[in-house]
1. Quick one: how many residues across segment B:73-83 are surrounded by fewer than 18 Cβ atoms within 10 Å (Cβ to Cβ) and either farther than 15 Å from residue B:19 by Cα or within 14 Å of another protein chain (Cβ to nearest Cβ) (or both)?
2. Taking the criterion of being within 14 Å of another protein chain (Cβ to nearest Cβ), touching a residue at least 12 places away in the same chain (Cβ under 8 Å), under 23 Å from residue B:104 (Cα atoms) and in a loop (DSSP other than H, G, I, E, B), would at least one residue in segment A:44-58 satisfy it?
3. Answer yes or no: is there a residue in segment B:26-45 that is within 12 Å of chain A (Cβ to nearest Cβ) and farther than 24 Å from residue A:107 by Cα.
4. Counting only residues that are of a type outside the set (Ser, Thr, Tyr) and assigned to a loop (DSSP other than H, G, I, E, B), which one in segment B:10-25 is farthest from the other protein chains (Cβ to nearest Cβ)?
5. Residues of segment A:68-87 being within 14 Å of chain B (Cβ to nearest Cβ) and at pLDDT below 95, which ones?
6. What residue, of B:100, B:63, B:107, B:53, is crowded, with 16+ Cβ neighbours inside 10 Å and at pLDDT 90 or above?
7. All but one of (1) more than 14 Å from every other protein chain (Cβ to nearest Cβ); (2) of a type outside the set (Ser, Thr, Tyr); (3) surrounded by fewer than 13 Cβ atoms within 10 Å (Cβ to Cβ) hold for residue A:40; which doesn't?
8. Only one of these is surrounded by 16 or more Cβ atoms within 10 Å (Cβ to Cβ), more than 28 Å from residue B:5 (Cα to Cα) and within 14 Å of the chain's Cα centre (by Cα): A:21, A:33, A:56. Name it.
Amino acid sequence: AQSVSQHNHHVILSEAASLELGCNYSYGGTVNLFWYVQYPGQHLQLLLKYFSGDPLVKGIKGFEAEFIKSKFSFNLRKPSVQWSDTAEYFCAVKVSGAGNMLTFGGGTRLMVKP
Amino acid sequence: NAGVTQTPKFRVLKTGQSMTLLCAQDMNHEYMYWYRQDPGMGLRLIHYSVGEGTTAKGEVPDGYNVSRLKKQNFLLGLESAAPSQTSVYFCAGRRTSNTGELFFGEGSRLTVL
């Protein structure tokens, strides 16, 4: 079974700082990759996803992620964070074409100081 | 269009009590899922359903049962609650198109004393 690792559990940044959150997965085949965000008191919502094609994916609110197959990674980036980006971020993996389950990482809690 | 709706939003149970969480969706999702969210562990899949009348076990199914009698509803039951089941529970739905995107409910916080 695939697993997803998010190595940063808590990240604290000041506004305008750059962000990079790590995500690594264990499955060696074709995968679909996702980043979800959970703002305080809210449900999870999709930030961006990768299925195929350009490995650099752009999502909502200025976020982007790069799929590096050789490193089994799908890191999330944002050049300049805002206070409103304070949230918990989850990386998720789905094995392409097989099964119906998304496997989530443990989450990274981001706090942006104003 | 309410999306994915969970009831109740909060519940406190005593050990050994039973309860049912209801997930209702009006987005015509074929697939529905129940996850639990615990600090540092992300979301773990409890059970899921690929269509009306079908259910399957996920990663952490023990102590839970589910039913999908109608396409729009997915029920999660705890027959005999334990403190280890204290968690936030999320229901999610997905259409049959292969985008893989899940649409989540707002969560149900359950405390077992």
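1. 1
2. There is at least one residue in segment A:44-58 that is within 14 Å of another protein chain (Cβ to nearest Cβ), touching a residue at least 12 places away in the same chain (Cβ under 8 Å), under 23 Å from residue B:104 (Cα atoms) and in a loop (DSSP other than H, G, I, E, B).
3. Checked against the condition, which is being within 12 Å of chain A (Cβ to nearest Cβ) and farther than 24 Å from residue A:107 by Cα, segment B:26-45 yields at least one hit.
4. Filtering segment B:10-25 down to residues of a type outside the set (Ser, Thr, Tyr) leaves B:10-14, B:16-17, B:19, B:21-25.
Add one more test, that the residue is assigned to a loop (DSSP other than H, G, I, E, B), and what stays is B:14, B:16-17.
On the way: B:14: 26, B:16: 30, B:17: 26 Å.
Result: B:16.
5. none
6. Numbers: B:100 fails: at pLDDT 90 or above; B:63 fails: crowded, with 16+ Cβ neighbours inside 10 Å; B:53 fails: crowded, with 16+ Cβ neighbours inside 10 Å.
One residue alone meets the criteria, B:107.
7. (1)
8. Details: A:33 fails: more than 28 Å from residue B:5 (Cα to Cα); A:56 fails: surrounded by 16 or more Cβ atoms within 10 Å (Cβ to Cβ).
Being surrounded by 16 or more Cβ atoms within 10 Å (Cβ to Cβ), more than 28 Å from residue B:5 (Cα to Cα) and within 14 Å of the chain's Cα centre (by Cα) holds for just one of A:21, A:33, A:56, which is A:21.
The values are calculated or read from the model by the stated rules, or taken from the named source; none is laboratory data. What you are looking at is a predicted structure, and each value in this text was computed from that prediction instead of being measured. Neighbour counts are summed over all protein chains in view; Cβ atoms, including those assigned to glycine, are modelled from backbone coordinates with ideal geometry.
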